[in-house]
Structures are given as C-alpha cells and as structure tokens.
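See structure below.
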Amino acid sequence: MLSLYGRNTLVKTFIICTLLAVAGLFSPNTLKVLLLTAAACILLFTLFFFRDPSRRIPSDPNAILAPADGRILLIKKIAHPFTGPDSTLISIFMSLFNVHVNRIPLSGEVTQLSYHPGEFLMAFDHSSMNNNERMEIGLENSGFRIFFTQVSGFVARRIVCNLKVGDTVQAGNRFGMIKFGSRLDIIIPDGIPLAVSEGQKTIAGETVIARHKT
C-alpha cells in the first residue's frame, strides 16, 4: 500500500523516470544502461519510501502509541506549557529507510495546532526540536494532555499534516508524514510510566510508549 501523502511526489517521479527511460532508449549503449538504471533506482526508491503498511492498533484505550517508525533518540524530563512541569520528552528519529507515515498516539481532540518555520538542522541534533521547521500538535482526552511535534530535518523539508483544531481523532489513525527522514517528538505529563527506553525501535500505531491513568 502506498501513502496518499506522497501522491504528488509519486506522479512527478514517474514522469521524470519515464523521460529518463525514453532518453535511454535512444542513447548509445553505455549511456542507455546508466539512464535506464537511474530511472529504475529512482522509481523503486520512491515507491519504497512512500510505502504505507497496515498496522495492528492496540485495543487498550489508555495506551499512548508511538506516532512514528524509527528509533528513540532521547528521553528526558522537561517543563512544557501544554503538559506541565516534569513532563517527559520522547524523541523518535526516522531514517530514510523507515516508514514515514505518522499516526495519532492517543484518541482525543486536537486543541492546539501551530506551524513554525525554521532551520533545517540534522534531525539528530537536539537543538533541531526548537530551531527547525516544525508542526506542533496538542491533544486532549478527558483532561489528559499530550503534545507531539513533527520536526523537519536537513534532508526532510516537507511536513504534511492534515489535522485541524477541533478534530476528534482515534489512536493509530494516520495524520501526516515528514518526507525523506527527520524526527517526531512526543511529550507526556508527569507521573506516566514509560514502556520504552532510549535506543529502542518503534512502530507507529503499534508500539506502546506509555499508559496513562484513567
């Protein structure tokens, strides 16, 4: 299954690869091989990047799910105006080889949505969470709040988010993607025990990173 978020990119890539292939067919042998190989590699990589496999969403309503595929780069305590003092930040780094479709971590209502233009630092640079282009999302469920952020990177310069303030969302549903790598940060309030650790791999919509209290 391919992500609808990549439709425009897929169309453009198909056109470019078709032109390369046609040019290759009318080129000398050496150049023909290079052009046809380039067209095939570009097309296959784009199809691979925009894959969107189905996921088994946990049925536990208290589970806070990983919003992105990747590896947990950082876990630390921070104070945040939306989630309060002693909140916990979990940063997930997405490489070029991860699935890049992002998923809702917890059912609830979108009560805050804010886009910030910025720099394009390397995603593993921790200053990128505050300085890079990003989309910030606040979500509430019966008074319980979480906050998560799509952060662009050095290569990833296209954030896609189809949420609006007031939307009611379900845990595990798709809500956007960051094209060609980067990171996604999620912040949960104090007192919520984590189910993950630094260095652990995550699967969006499947990996439980924490469970909030009812």
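Observations, loosely collected:
- Index of the failed condition, residue 32 passing every other in (1) crowded, with 20+ Cβ neighbours inside 10 Å; (2) touching a helix residue (DSSP H, G or I) at 6+ places or on another chain (Cβ under 8 Å); (3) basic (Lys, Arg): (1)
- Output for region 50-70, where each listed residue is more than 14 Å from residue 104 (Cα to Cα) and part of a strand (DSSP E or B): 51, 70
- Conditions (1) surrounded by fewer than 19 Cβ atoms within 10 Å (Cβ to Cβ); (2) over 24 Å from the mean Cα position of the chain (by Cα); (3) outside any strand (DSSP E or B): number failed by residue 85: (3)
- The lone exception for residue 142 - which of (1) closer than 17 Å to residue 83 by Cα; (2) modelled with pLDDT of 90 or more; (3) of a type in the set (S, T, N, Q) it fails: (2)
- Failed item, numbered, when residue 47 is tested on (1) without any contact (Cβ under 8 Å) to a residue 40 or more places away in the chain; (2) part of a helix (DSSP H, G or I); (3) surrounded by 12 or more Cβ atoms within 10 Å (Cβ to Cβ): (1)
- Any hit, region 66-81, residues being surrounded by 12 or more Cβ atoms within 10 Å (Cβ to Cβ) and over 22 Å from the mean Cα position of the chain (by Cα): no
- Qualifying residue in region 118-137 (condition: under 16 Å from the mean Cα position of the chain (by Cα), under 27 Å from residue 9 (Cα atoms), at pLDDT 90 or above and not hydrophobic (A, V, I, L, M, F, W, C)): yes
The values are calculated or read from the model by the stated rules, or taken from the named source; none is laboratory data. These figures come from a predicted structure and were not determined experimentally. No Cβ is skipped: glycine too gets one built from the backbone with ideal geometry, and neighbour counts run over all protein chains shown.
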